Amino acid sequence: MGQLRRAPLACVILACAFALCFQSCQWPEAASSSRGLMLVIANGKLPGGFRVTNKGEIPLSLDREVTVEIWDKAKWNEIKGIVKLIDGCNPQPKGCLRLMPGSSFGPLSWTGMSCGAQCGEACRANEYYGPGKFRYVLKDCDGKERWTGPEFELPKVPTDAYKN
Amino acid sequence: MPTAALGVSHILINQRPGVSPPVLFGAEARFSSTGIILSGQVTLSGNAPHLPGDWWAGFIQVEWVETNWAYYRGKDKVDGSLLVQMGRAPARLRQACRDTLDAPVRQPVNGIFYGPPNYVWPGTSNARYQESAAPGTVPVTLNPRHRDFPFDQKPLVRRNAKTGKVNFLTEVQLEFHFCTMLAVRDQAGSFAILKHLYWNLRWQAKFEPSNFAMAASAAGWKPPTVEALGTGANVGVIHDGRPLDARFGGVVTALQASNCNAVANAAERNPIIRESNQWDNFDVRR
């Protein structure tokens with residue numbers, strides 16, 4: 001009888017926690033593998049901002065090239081060569097990103113532009129990819145693992161990305 | 001021999017250009033524009049029922065003059081001041097350049113048109129920078145599109161080599177003047193300019209740290225003060241034919257090595273820097 005009463009209570013607590021988190025925070029998406037690799041990609045406060053966390057038990061070596069996917073014509077389409085796992089521009093870090101268990105990395109956020117995507121550039125010809133629905137896809141350095149981040153939206157106007 | 005002829009052409013301004021107030025982000029001031037969006041329409045006719053060979057319609061864009069300087073000042077007079085000039089030679093060797101997109105939407109500068117062929121704008125069903133008419137029945141109407149969102153940035157702090165002190169961004173003026181042309185390239189590779197319009201973007205703003213100790217990042221700064229007279233965007237009327245403008249006539253379809261992004265970034269990497277060991281006024285015209 002006691003067990004029967006505790007089970008619904010646990011469900012209510014879980015449901016409340018889920019509802020609270022769903023309302024108050026961006027829901028991160030994680031992918032794991034049999035090798036115990038787990039990376040969580042969480043969206044940042046600004047559109048295009050994100051953070052990666054190694055939730056697994058062994059170090060990860062991440063490819064710095066991030067694939068941006070745009071939702072278009074009822075499928076995810078790849079945009080390559082725009083976003084990198086970098087936290088600085090002068091100079092830009094090179095090689096794989098080593099992420100120890102439990103540690104996080106906050107790359108420079110994507111502006112939504114083709115030029116000046118993360119680092120300051122002088123852009124006279126420039127493509128803006130918004131408005132639309134996007135997500136990031138990361139790979140490990142040997143290309144065997146792939147992690148897909150949660151969706152985010154770019155606003156109609158580029159500068160609105162800084163106003164949130 | 002069948003030939004094709006150019007019929008009616010139009011440019012429609014879908015979105016007038018606009019500038020956003022500068023935003024302080026990270027360690028830089030960012031200057032974003034809300035972009036210009038154009039639609040073109042070109043009708044090809046001919047003296048035969050079939051169009052001979054490949055014809056392409058698209059937009060060509062040149063930037064024909066640029067103002068680009070940033071003034072920095074130390075916390076105290078003895079910390080000095082400096083002017084970073086990126087709009088004049090030798091930082092910017094020539095004013096006029098042809099504007100084409102860089103990677104990943106890459107259009108080589110010698111592709112002449114602003115954007116690449118066969119690229120559909122993300123989020124649209126069929127908007128393209130260039131439209132082609134394969135051999136077939138004429139008349140045929142092509143509807144190329146154009147959009148551009150120029151952007152620039154300036155670092156919030158620079159070190160003054162004369163005083164060895166950090167100088168802080170104090171004032172910036174940017175002016176980008178463009179001419180955008182609706183054009184057709186025939187199967188022989190010759191271009192016909194059908195319509196053109198002038199447009200520009202301008203920013204002038206003053207900057208001041210709120211906390212000098214934190215001024216390496218945006219958190220240590222007051223909101224920028226926009227100079228209303230120096231800030232805005234304009235687009236002119238649409239003219240027929242090729243622009244008869246000696247200031248940029250030589251770069252419209254000429255083969256060249258660098259596009260405007262490369263020219264501007266070269267100036268950013270190697271600007272003219274004039275430094276003073278006091279708070280000085282600099283002549284921004286040179």
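Here are some notes:
- Among the residues of segment A:109-120, those identified as within 12 Å of chain B (Cβ to nearest Cβ) and either in contact with a His (Cβ under 7 Å, 6 or more places away or on another chain) or surrounded by 20 or more Cβ atoms within 10 Å (Cβ to Cβ) (or both) are A:Ser109, A:Thr111, A:Gly112, A:Met113, A:Ser114, A:Cys115, A:Gly116, A:Ala117, A:Gln118, A:Gly120.
- Residues satisfying the stated conditions in segment B:102-119, i.e. over 20 Å from A:Tyr128 (Cα atoms) and either facing chain A (nearest Cβ under 8 Å) or touching a residue at least 24 places away in the same chain (Cβ under 8 Å) (or both): B:Asn110, B:Ile112
- Selection from segment B:88-107 of residues that are in contact with a helix residue (DSSP H, G or I) (Cβ under 7 Å, 6 or more places away or on another chain) and under 25 Å from A:Ala117 (Cβ atoms): B:Ala91, B:Arg92, B:Cys97, B:Arg98, B:Asp99, B:Thr100, B:Asp102
- Members of segment B:73-91 that are within 31 Å of the chain's Cα centre (by Cα), more than 14 Å from every other protein chain (Cβ to nearest Cβ) and part of a loop (DSSP other than H, G, I, E, B): B:Arg88, B:Ala89, B:Pro90
- Subset of segment A:92-108 [surrounded by fewer than 16 Cβ atoms within 10 Å (Cβ to Cβ) and more than 12 Å from every other protein chain (Cβ to nearest Cβ)]: A:Gln92, A:Pro93, A:Lys94, A:Gly95, A:Cys96, A:Arg98, A:Met100, A:Pro101, A:Gly102, A:Ser103, A:Ser104
- Count of residues meeting criterion [part of a loop (DSSP other than H, G, I, E, B) and either at pLDDT 95 or above or within 14 Å of chain A (Cβ to nearest Cβ) (or both)] in segment B:1-39: 10
- Scan of segment A:81-98 for residues that are hydrophobic (A, V, I, L, M, F, W, C) and modelled with pLDDT of 90 or more, ordered by number: A:Ile82, A:Val83, A:Leu85, A:Ile86, A:Cys96, A:Leu97
- Residue count, segment B:225-276 (criterion: among the small types (Gly, Ala, Ser) and in a helix (DSSP H, G or I)): 8
- When residues in segment B:159-185 are screened for being buried (at least 18 other Cβ atoms within 10 Å of the Cβ) and charged (D, E, K, R), 2 of them pass.
- Cβ pairs under 8 Å, 6+ apart, first in segment A:62-81 and more than 9 Å from chain B (Cβ to nearest Cβ) and within 9 Å of A:Arg135 (Cβ to Cβ), second basic (Lys, Arg) and buried (at least 18 other Cβ atoms within 10 Å of the Cβ): A:Val68/A:Arg135; A:Glu69/A:Arg135; A:Trp76/A:Arg135
A quick yes/no check of all residues on (1) more than 28 Å from B:Gln15 (Cα to Cα); (2) surrounded by fewer than 16 Cβ atoms within 10 Å (Cβ to Cβ):
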position: B:Arg202; (1), (2): no, no
position: B:Ser210; (1), (2): yes, yes
position: B:Ala215; (1), (2): yes, no
position: B:Ala219; (1), (2): yes, yes
position: B:Ala233; (1), (2): no, no
position: B:Ile238; (1), (2): no, no
position: B:Leu244; (1), (2): no, yes
position: B:Ala254; (1), (2): yes, yes
position: B:Ala257; (1), (2): yes, yes
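- In segment B:145-156, the residue that is farthest from B:Gln85 (Cα to Cα) out of those that are within 19 Å of the chain's Cα centre (by Cα) and either of a type in the set (Phe, Trp, Tyr) or not in a strand (DSSP E or B) (or both) is B:Phe149.
- Of B:Val84, B:Val140, B:Val109, all but one fail to be among the β-branched types (Val, Ile, Thr) and in contact with a Leu (Cβ under 7 Å, 6 or more places away or on another chain); the exception is B:Val140.
- Whenever a residue of segment A:131-144 is within 14 Å of chain B (Cβ to nearest Cβ), its partners that are among the basic types (Lys, Arg), lying with C-beta atoms within less than 7 angstrom and at least six residues away or across chains, give the pairs A:Pro131/A:Lys156.
- Sole residue being of a type in the set (Val, Ile, Thr), surrounded by 20 or more Cβ atoms within 10 Å (Cβ to Cβ) and under 16 Å from the mean Cα position of the chain (by Cα), chosen from A:Ile82, A:Ile86: A:Ile82
For (1) more than 10 Å from chain A (Cβ to nearest Cβ); (2) in contact (Cβ under 8 Å) with a residue 40 or more places away in the chain; (3) not in a strand (DSSP E or B), each residue gets a yes or a no:
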site: B:Arg158; (1), (2), (3): yes, yes, no
site: B:Ala161; (1), (2), (3): yes, yes, yes
site: B:Leu169; (1), (2), (3): yes, yes, no
site: B:Leu174; (1), (2), (3): no, yes, no
site: B:His177; (1), (2), (3): yes, yes, no
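- Odd one out for A:Tyr129 among (1) within 26 Å of B:Cys260 (Cα to Cα); (2) surrounded by fewer than 16 Cβ atoms within 10 Å (Cβ to Cβ): (2)
- Extreme residue, nearest to A:Gly132 (Cα to Cα), among residues of segment B:120-144 that are in a loop (DSSP other than H, G, I, E, B) and facing chain A (nearest Cβ under 9 Å): B:Gly123
- Residue list for segment A:36-63, restricted to those being under 26 Å from B:Gly123 (Cα atoms) and surrounded by 13 or more Cβ atoms within 10 Å (Cβ to Cβ): A:Ile41, A:Ala42, A:Asn43, A:Gly44, A:Leu46, A:Pro47, A:Gly48, A:Gly49, A:Phe50, A:Arg51
The values are calculated or read from the model by the stated rules, or taken from the named source; none is laboratory data. Computed from a predicted model, the values in this text were never measured in an experiment. Neighbour counts are summed over all protein chains in view; Cβ atoms, including those assigned to glycine, are modelled from backbone coordinates with ideal geometry.
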